[in-house]
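Shown next, in structure tokens, is the structure this report addresses.
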Amino acid sequence: MRHAGGALIEAPRADDDAVLRVHGADYVNRVREGTLSDAEQRRIGFRWSPAMAERTRRVSGATMAALASAIEGCGVGVSLAGGTHHAFADHGAGFCVFNDSVIAARHVQALGLARRILVVDLDVHHGNGTAALCQDDASIYTFSMHGARNYPAVKPRGDLDVELADGTTDAEYLELLERNLAYAQARARPDAVIYLAGADPYAGDRLGFLTLSKAGLRQRDQMVFEHCRRYSMPVAVTMAGGYAENVDDIVDIHLATIRCAAELANTAGWYPPVKPPRVFACSSILE
Ligand SMILES: [Zn+2]
């Protein structure tokens with residue numbers, strides 16, 4: 001399917017090689033065969049089904065393809081899912097089964113497309129799985145801005161964790177982001193970026209507890225993409241969380257993120273803007 005200024009593409013599946021760079025073989029087998037215990041399924045937040053196992057593969061596949069295509073000349077690639085940052089090596093949690101960010105980062109490293117990756121995690125929840133998976137991996141720098149008192153209760157240390165008070169406003173958030181993005185850039189010296197553009201810092205989110213407006217979230221996206229352009233870095237964008245009372249608000253916020261990415265990708269100065277952006281679609285229907 002062709003769209004103005006970009007292409008919408010069915011998400012490919014992440015293969016075993018890609019998944020096993022991040023997750024243990026026993027856990028991967030339990031997800032494949034549907035032998036996750038009741039406790040494991042409760043921790044993930046949804047029941048196993050063949051469709052759940054298939055979708056899990058495609059969520060990671062979408063982010064892998066988004067990052068690879070961004071590096072290979074699109075400048076920006078979008079995964080219409082992903083941001084499953086609560087997944088650890090041997091278990092899932094919080095609606096996350098496999099960790100698509102780390103799978104995608106190690107995938108492009110294995111292909112020789114990038115050496116150093118910066119994960120900019122602006123979902124309102126801490127990327128505990130990503131932080132734990134990358135604790136001993138200096139090639140993936142994890143930067144997370146999240147609610148200090150929000151889920152998860154235990155937050156393993158990432159490379160740069162910025163804790164936000166309940167009620168944090170647009171102005172406070174954007175000031176912290178600008179400063180810490182510059183710091184993360186200097187520390188990480190990345191070849192490519194994975195951006196978790198969560199919709200859940202929104203004031204209308206049921207689980208967020210911050211007070212960002214839609215305009216503030218647009219400025220957030222713009223700040224991240226302008227940053228990537230300034231340093232000529234390809235970026236993969238994932239959607240991560242969004243739990244607004246009104247589903248239309250979540251769609252508005254995610255769509256604004258994709259529009260912002262596409263606009264900047266089409267302007268001069270991005271990492272080689274030789275191909276239109278690609279958007280990898282992954283159905284969110286579980287049953
Ligand atoms: Zn979240």
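The values are calculated or read from the model by the stated rules, or taken from the named source; none is laboratory data. None of these values were measured; they are calculated from a predicted model. Here Cβ is always computed from backbone atoms with ideal geometry, including for glycine, and neighbour counts include all displayed protein chains.
Which count do you get for residues in segment 124-149 that are more than 12 Å from His86 (Cβ to Cβ) and of a type outside the set (Phe, Trp, Tyr)?
Looking only at segment 124-149, we keep the residues that are more than 12 Å from His86 (Cβ to Cβ), and these are 124, 134-143, 145, 147-149.
With the extra rule that they be of a type outside the set (Phe, Trp, Tyr), the set shrinks to 124, 134-140, 142, 145, 147-149.
Residues meeting the conditions: 13.
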Across (1) surrounded by fewer than 21 Cβ atoms within 10 Å (Cβ to Cβ); (2) more than 25 Å from Ala104 (Cα to Cα); (3) in contact (Cβ under 8 Å) with a residue 40 or more places away in the chain, Arg179 clears everything bar (3)
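Yes/no per residue for (1) more than 16 Å from the ligand (Cβ to nearest atom); (2) at pLDDT below 95; (3) closer than 24 Å to Phe225 by Cα; (4) among the small types (Gly, Ala, Ser):
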residue: His125; (1), (2), (3), (4): no, no, yes, no
residue: Ala131; (1), (2), (3), (4): no, no, yes, yes
residue: Tyr141; (1), (2), (3), (4): yes, no, yes, no
residue: His146; (1), (2), (3), (4): no, no, yes, no
residue: Ala153; (1), (2), (3), (4): no, yes, no, yes
residue: Asp166; (1), (2), (3), (4): no, no, no, no
residue: Asp170; (1), (2), (3), (4): yes, no, yes, no
residue: Tyr173; (1), (2), (3), (4): no, no, yes, no
residue: Leu176; (1), (2), (3), (4): yes, no, yes, no
Condition first: crowded, with 24+ Cβ neighbours inside 10 Å and out of contact with any Asp or Glu (no Cβ under 7 Å at 6 or more places or on another chain). Now tell me which residues in segment 185-198 satisfy that. Pro190, Ala192, Val193, Ile194, Tyr195
Would you check which residues across segment 184-239 are among the acidic types (Asp, Glu) and over 16 Å from the mean Cα position of the chain (by Cα) and list them? Asp191, Asp205, Glu226
Would you mind telling me which numbered condition in (1) part of a helix (DSSP H, G or I); (2) within 15 Å of the ligand (Cβ to nearest atom); (3) touching a Ser or Thr at 6+ places or on another chain (Cβ under 6 Å) Asp221 fails? (2)
What number of residues within segment 44-64 are in contact with a Ser or Thr (Cβ under 9 Å, 6 or more places away or on another chain), surrounded by 15 or more Cβ atoms within 10 Å (Cβ to Cβ) and farther than 26 Å from Ile117 by Cα? 1
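Take the conditions of a type in the set (Ser, Thr, Tyr), under 21 Å from the mean Cα position of the chain (by Cα) and closer than 25 Å to Ala132 by Cβ and apply them to Thr35. Does it pass?
Details: of a type in the set (Ser, Thr, Tyr): yes; under 21 Å from the mean Cα position of the chain (by Cα): no; closer than 25 Å to Ala132 by Cβ: yes.
When the stated conditions are applied, Thr35 does not pass them.
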Of those in segment 1-32 that are among the small types (Gly, Ala, Ser) and at pLDDT below 95, the residue nearest to the chain's Cα centre (by Cα) is Ala11
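Condition check: of a type outside the set (S, T, N, Q), farther than 30 Å from Arg115 by Cα and crowded, with 18+ Cβ neighbours inside 10 Å. Does Gly158 satisfy that?
Considered against the rule, which asks whether it is of a type outside the set (S, T, N, Q), farther than 30 Å from Arg115 by Cα and crowded, with 18+ Cβ neighbours inside 10 Å, Gly158 comes out as no.
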Evaluation of Val108 against (1) away from the ligand (no atom under 16 Å from the Cβ); (2) closer than 27 Å to Leu160 by Cβ; (3) in contact with a Phe, Trp or Tyr (Cβ under 8 Å, 6 or more places away or on another chain); (4) among the β-branched types (Val, Ile, Thr) (one fails), failing number: (3)
Filter segment 234-260 for residues that are among the β-branched types (Val, Ile, Thr) and in contact with a helix residue (DSSP H, G or I) (Cβ under 8 Å, 6 or more places away or on another chain); which is farthest from the ligand (Cβ to nearest atom)? Val235
Exactly one condition in (1) at pLDDT below 85; (2) surrounded by 14 or more Cβ atoms within 10 Å (Cβ to Cβ); (3) part of a loop (DSSP other than H, G, I, E, B) is not met by Met233; state its number. (1)
Sole residue being within 15 Å of the ligand (Cβ to nearest atom), in contact (Cβ under 8 Å) with a residue 24 or more places away in the chain, among the acidic types (Asp, Glu) and in contact with a helix residue (DSSP H, G or I) (Cβ under 9 Å, 6 or more places away or on another chain), chosen from Asp205, Asp159: Asp205
Subset of segment 65-80 [surrounded by fewer than 24 Cβ atoms within 10 Å (Cβ to Cβ) and out of contact with any strand residue (DSSP E or B) (no Cβ under 7 Å at 6 or more places or on another chain)]: Ala68, Glu72, Gly73
